[in-house]
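Reading through the structure tokens given below for one structure.
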Amino acid sequence: MKLDMYVIKDGKPLRCGYTTGSCATAATKAAVLMLETGEIPNYVVIDTPAGVRLKLEINNPKKEGNKASCSVIKDGGDDPDVTDGMAIYAQVEKREDEKIVIDGGIGIGRINRKGLFGEIGEAAINPVPKEMIKKEIRKVSIKGYNVLIYAPNGEEISKKTYNENIGIKGGISIIGTKGIVYPMSQEALIKTIYMEVDAIEDRYGKENIILVPGNYGEKLAKSLDLKGGIVKISNFIGDSILYIYNKGFKSMTLVGHIGKFAKLSIGIFNTHSNISDARMEAFIYYLSLKGVSKSLLEEINNCLTAEEGLNLCIEAGYGNIVKDMEKGAEERVKKYLKDEDYPVKVIIYSMERGVHMG
């Protein structure tokens, strides 16, 4: 059942969804009800930490002896979530005592790095979903239960997530601090970046870390044979460099496309196009320092893309503007960190011309 709840992003209503944690909770509650009442529910109602009550449809019910299982289909709402539409299963089994023991089965990842939300070797089920599961069981039973959460295609889906980067292998995570998926949550994206940085610290130490906006930058950084782990930071340059600096990394290298890092070179630390679009302004700033003609500035001002602006600069003999932008970006990062002596290297690339421009 789709959640009829919306948030406004960029002036548009976007539908919310519910987390894998909520799915696991609802499936568990339904399976327990099957054993406690002998009946198979079509829906169950659960409470979420967000204060939103969910009524979720139950699928694939099965009951054999003192075991029962069923599934709930994940709904990510309008969030670009790779787990959207997948089935989250719960199997429950009565215990002789009153304990509730929760574990993960097929398709649920295992923790293989210290510092996450559990011990190494444990199933990647976050504390909040575990607590939700226990609370919903206690609403319908005082008995003890073994709970096994699983997702048949979880291992395949996990390859499209950041799990391996943050220390979770073999499947998806059962997550959600609120129980509700808020579309395009900036908080969730930044939290993922922080977890990747933590994983890089464990693997490589704190000598140097490489920051890239996305997949192409990551590929390029690997080809340059730079030292250190690579973290994808999307548009969140400011949040990322502050976290890395405060973690104690000795240096950082940023590798990014001229369209994003032109903005960084004039002090913009969130490069999302909805927040800032000052690419041409950056070109005009650095060209003005060189005393170029007004006619060239006007040509640059009429460009639609950074690649187009760069080509004009090169044709006019100012291809070294990229080096000026790199130096400017390095100075801006140091000022942002309030540490003029901090070692920062910025590498700007063009899709057409790579990193060797000028």
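The values are calculated or read from the model by the stated rules, or taken from the named source; none is laboratory data. Keep in mind that what you see is a predicted model, and the values were worked out from it rather than measured. As a convention, Cβ positions derive from the backbone with ideal geometry for all residues, glycine included, and neighbour counts pool all protein chains shown. Accessible surface areas use protein heavy atoms only, side chains included; no ligands, DNA or RNA. Shrake-Rupley method; radii C 1.70, N 1.55, O 1.52, S 1.80 Å.
Observations on the structure shown:
- Of all residues in region 39-75, those satisfying the criterion of being free of Cβ contacts under 8 Å to residues at least 24 places away in the same chain and exposed (fewer than 14 other Cβ atoms within 10 Å of the Cβ) are Glu39, Asn42, Val45, Gly51, Arg53, Glu64, Gly65.
- Hey, Leu287 hydrophobic (A, V, I, L, M, F, W, C), at pLDDT below 95 and either assigned to a helix (DSSP H, G or I) or more than 27 Å from the chain's Cα centre (by Cα) (or both) or not: no
Every residue, every condition in (1) more than 27 Å from the chain's Cα centre (by Cα); (2) polar (S, T, N, Q); (3) in a strand (DSSP E or B), yes or no:
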site	(1), (2), (3)
Lys29	yes, no, no
Glu36	yes, no, no
Glu39	yes, no, no
Leu54	no, no, yes
Val82	no, no, no
Gly85	no, no, no
Gln91	yes, yes, yes
Asp103	no, no, yes
Ile106	no, no, no
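- Counted residues, region 250-284 - those being assigned to a helix (DSSP H, G or I) and among the charged types (D, E, K, R): 4
- Selection of region 108-133 for residues being in contact with a helix residue (DSSP H, G or I) (Cβ under 8 Å, 6 or more places away or on another chain), among the hydrophobic types (A, V, I, L, M, F, W, C) and touching a residue at least 24 places away in the same chain (Cβ under 8 Å) yields Ile108, Leu116, Ala124, Ile125, Val128, Met132, Ile133.
- Candidate set from region 8-39 (those that are touching a helix residue (DSSP H, G or I) at 6+ places or on another chain (Cβ under 6 Å) and β-branched (Val, Ile, Thr)); member that is farthest from Met184 (Cα to Cα): Val32
- Subset of region 242-282 [hydroxyl-bearing (Ser, Thr, Tyr) and either crowded, with 16+ Cβ neighbours inside 10 Å or more than 21 Å from the chain's Cα centre (by Cα) (or both)]: Tyr243, Tyr245, Ser251, Thr253, Ser265, Thr271, Ser276
- Of the helices (runs of 4 or more DSSP H) entirely within region 108-223, those holding at least 2 residues that are open to solvent by less than 70 Å² (accessible area, probe 1.4 Å) and of a type outside the set (A, V, I, L, M) occupy 127-140, 154-158, 186-204, 215-223.
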